Amino acid sequence: MNAPAIERTLVLVKPDGVARGLTGEVIRRVEAKGYRLTALELRTATPELLAEHYAEHHGKPFYQPLVDFMLSGPVVAMVAEGQRVIEAFRVLAGATDPTAAAAGTIRGDLGRDWGAKVQQNIVHGSDSPQSAEREIALWFPSS
Ligand code: IDP
Ligand code: MG
């Protein structure tokens, strides 16, 4: 069996997570799992950046609420690195809907439905190696 390659993934603590003071808890879980951070920055997104970041969701009913939510406050963007980190962070994050996300996951333990048009679910994590490289290039063009 081939050894898994070292991967990178883009993690965002979304505006709800930053506003609720959960940035440290997200970082703690990533680091406690054994992954290393190679970039980290408090950022305010722009409409242009989000249009590219969420290109796959253009036209969906939650698209504009999602963009408005992501512009509602600062986010913490980071790059985490290690074998199978893309899959591992998705497991740490849990399902998209925080009500249904398993206990033990970031969204399951820390998130809930607030009755908004978009699910406020604390974190974003890239979903494939292609997405990860594309998203890291958008958020950290110099890395
Ligand atoms: P993911 O963040 O788990 O990868 P995506 O399907 O990529 O989920 O959706 C991006 C974000 O859009 C989600 O994290 C969530 O904030 C929001 N979202 C996705 N699907 C829905 C929906 O059906 N209703 C409301 N918000 C949604
Ligand atoms: Mg996604």
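The values are calculated or read from the model by the stated rules, or taken from the named source; none is laboratory data. Owing to the predicted nature of the structure, the values given are computational and were not obtained by experimental measurement. Here the Cβ positions follow ideal geometry from the backbone for every residue, glycine too, while neighbour counts run over all protein chains shown.
Any residue at all in the range 31-44 that's more than 20 Å from Arg90 (Cβ to Cβ), out of contact with any Pro (no Cβ under 7 Å at 6 or more places or on another chain) and among the hydroxyl-bearing types (Ser, Thr, Tyr)? No, the range 31-44 contains no residue that is more than 20 Å from Arg90 (Cβ to Cβ), out of contact with any Pro (no Cβ under 7 Å at 6 or more places or on another chain) and among the hydroxyl-bearing types (Ser, Thr, Tyr).
Within the range 45-98, the set of residues being farther than 17 Å from Asp16 by Cβ and either of a type in the set (Val, Ile, Thr) or modelled with pLDDT under 95 (or both) comprises Thr46, Val79, Val85, Ile86, Val91. Kindly indicate the residue of the range 26-39 that is under 17 Å from Phe140 (Cβ atoms), touching a strand residue (DSSP E or B) at 6+ places or on another chain (Cβ under 6 Å) and β-branched (Val, Ile, Thr) and also nearest to ligand 2 (Cβ to nearest atom) among those meeting that condition. The residue in question is Val30. Listed conditions (1) surrounded by fewer than 16 Cβ atoms within 10 Å (Cβ to Cβ); (2) away from ligand 2 (no atom under 16 Å from the Cβ) are all met by Phe140, apart from (1). Total residues in the range 1-39 satisfying the condition of being outside any helix (DSSP H, G or I) and of a type outside the set (Ser, Thr, Tyr): the figure is 20. Has the range 15-31 got at least one residue that is buried (at least 16 other Cβ atoms within 10 Å of the Cβ), out of contact with any Leu (no Cβ under 9 Å at 6 or more places or on another chain) and under 21 Å from Asp127 (Cα atoms)? Within the range 15-31, none of the residues are buried (at least 16 other Cβ atoms within 10 Å of the Cβ), out of contact with any Leu (no Cβ under 9 Å at 6 or more places or on another chain) and under 21 Å from Asp127 (Cα atoms).
Across the range 8-25, which residue is farthest from ligand 2 (Cβ to nearest atom) among those that are farther than 16 Å from Ser72 by Cβ and touching a residue at least 60 places away in the same chain (Cβ under 8 Å)? Selected residue: Glu25. Among the residues of the range 99-106, is there at least one that is more than 15 Å from ligand 1 (Cβ to nearest atom), closer than 23 Å to Arg8 by Cβ, touching a residue at least 60 places away in the same chain (Cβ under 8 Å) and in contact with a Gly (Cβ under 9 Å, 6 or more places away or on another chain)? No, the conditions are met nowhere in the range 99-106.
Within the range 124-140, the residues that satisfy the criterion of being outside any helix (DSSP H, G or I) and within 20 Å of Leu71 (Cα to Cα) are His124, Gly125, Ser126, Phe140.
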